[in-house]
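What follows is a single structure, written as structure tokens, with notes after it.
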Amino acid sequence: MNKTKTRQPAAPIDGVPGRYWHKLDDGRIQCDLCPRFCKLSEGQRGLCFVRARVDDEIVLTTYGRSSGFCVDPIEKKPLDHFLPGTPVLSFGTAGCNLTCTFCQNWDISKAKEFDRLQDQASPEAIVRAARETGCRSVAFTYNDPVIFLEYAVDVAAACREAGIKTVAVTAGYITPEPREEFFSWMDAANIDLKGFTEDFYKKLCTGQLKPVLETIEYLKHETDVWFEITTLLIPGHNDSDEEITTLSEWIMEKLGPDVPLHFSAFHPDWRMRDVPPTPPAALARARDIAMKTSLHYVYTGNVRDPAGQSTWCHGCGARLIGRDWYELTDWNLTPEGCCASCGENCAGVFEAQPGTWGQRRLPIRITAGKNRPAA
Ligand code: SF4
């Protein structure tokens, strides 16, 4: 009996042409989208798994394919100074260009099985869904939109034409040229600053801190994108007083006091299940340290903390926006976005009245016909 195993032919890779790559002298193609600079032979995929070399070019294999759509409160991104109280149509695809051992979305970011991705999420269908659900914005989230840049840009362009804002939730791990294109289509962003040492990025994410800081400085000094920063506090890994102080002082020095900073709670997941969840006291301590460096807006996240999640006037100390989880409980801003008590400006993108979406989370299916709530 012949015991030789027959090898199944690899499934053909489908995709749309990708941008930002060049040919190397040795015949490989280098992807220039993110600082990993994957060098690919024919049929190989990059580390992110969704960009591959096919017929002498790089293709994006997840164009138009989503891991699911959900209408979320904008506060959940988290964005506390961008159209508060409004609903945002949120979606992601699959894959990621960082390998964080503590990933809190690993079922999506590490997905290599694309069968469950929906196939019909054209930019026009997404705009239609946003309109039908009353969303003021569309968010690229759940996994990092940098790796599906071509799809994100097409969706963002369709949104802009329709008067719908766009939000990128990203680690900012992208090279300068695509960074310019990507963020030129975004109205707001939340940048996931995972820690503040090269050692942390190298050991836990197999990445680098420097390009992320460059992205953050680029956003502040060369774009009009409203952005906020989030750091997931992981006990024993990035939560020392010294690291939080250095991070906060860097924000103060390079960006100024008005960029909101969120410290959110870690829960054991993916390949970091031996570390306990972040105690609420550690979030409060981090917030205190950051406030002492004179940052105006510092928040706690992933825990119930109405004081730590409210927006306070840096002029007179009044509560400007009260929050309980993602629900707005108080609104003391003038129609111009200033403190109703003392007139001090509050940084952000505000309208005369806040939205009333509350903390609902509504999964929806996007289909060729009418969009409908997910079963
Ligand atoms: S985007 Fe993907 S393929 Fe391109 S360099 Fe980064 S990880 Fe590699």
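The values are calculated or read from the model by the stated rules, or taken from the named source; none is laboratory data. It should be emphasised that the depicted structure is a prediction, and the values quoted were computed from it without experimental measurement. Don't worry about glycine lacking a Cβ; one is built from the backbone with ideal geometry, like all the others, and counts go over all protein chains shown. Ligands, DNA and RNA are stripped out before the accessible areas are found, and what is left, the full protein with its side chains, is counted by its heavy atoms. Shrake-Rupley method; radii C 1.70, N 1.55, O 1.52, S 1.80 Å.
Descriptive notes on the structure:
- Note on region 129-150: among residues that are open to solvent by 10 Å² or more (accessible area, probe 1.4 Å) and part of a helix (DSSP H, G or I), the one that is nearest to Val225 (Cα to Cα) is Arg131.
- For region 91-107, a tally of residues being open to solvent by 40 Å² or more (accessible area, probe 1.4 Å) and either in a loop (DSSP other than H, G, I, E, B) or of a type outside the set (Phe, Trp, Tyr) (or both) returns 4.
- The combined condition, being more than 16 Å from the ligand (Cβ to nearest atom) and in contact (Cβ under 8 Å) with a residue 24 or more places away in the chain, is fulfilled by Ala158.
- Residue check, Cys205 open to solvent by less than 20 Å² (accessible area, probe 1.4 Å), touching a residue at least 12 places away in the same chain (Cβ under 8 Å), touching a Cys at 6+ places or on another chain (Cβ under 7 Å) and not polar (S, T, N, Q): yes
- Residue match in region 36-51 (condition: open to solvent by less than 60 Å² (accessible area, probe 1.4 Å), in contact with a helix residue (DSSP H, G or I) (Cβ under 7 Å, 6 or more places away or on another chain), β-branched (Val, Ile, Thr) and within 13 Å of the ligand (Cβ to nearest atom)): yes
- Residue within region 243-253 that is without any contact (Cβ under 8 Å) to a residue 60 or more places away in the chain, closer than 24 Å to Cys103 by Cα and open to solvent by 50 Å² or more (accessible area, probe 1.4 Å) present: yes
- Residue that is farthest from the ligand (Cβ to nearest atom) [pool: residues in region 3-35 that are polar (S, T, N, Q) and at pLDDT below 90]: Thr4
- For Leu295, the criteria (1) open to solvent by 10 Å² or more (accessible area, probe 1.4 Å); (2) in contact (Cβ under 8 Å) with a residue 40 or more places away in the chain hold in every case but one, which is (1).
- On inspection, Glu228 does not qualify as acidic (Asp, Glu), open to solvent by 10 Å² or more (accessible area, probe 1.4 Å) and either under 21 Å from Asp199 (Cα atoms) or out of contact with any helix residue (DSSP H, G or I) (no Cβ under 7 Å at 6 or more places or on another chain) (or both).
- Scanning region 161-175 for residues that are away from the ligand (no atom under 14 Å from the Cβ) and either out of contact with any Lys or Arg (no Cβ under 7 Å at 6 or more places or on another chain) or not basic (Lys, Arg) (or both) yields Glu161, Ala162, Gly163, Ile164, Thr166, Val167, Ala168, Val169.
- Restricting the search to strands (runs of 3 or more DSSP E) fully inside region 265-358 and requiring at least 3 residues that are under 22 Å from the mean Cα position of the chain (by Cα) gives 298-301.
- Test: residue in region 59-73 that is farther than 30 Å from Val349 by Cβ, near the ligand (Cβ under 8 Å from one of its atoms) and either of a type outside the set (A, V, I, L, M, F, W, C) or open to solvent by less than 30 Å² (accessible area, probe 1.4 Å) (or both): no
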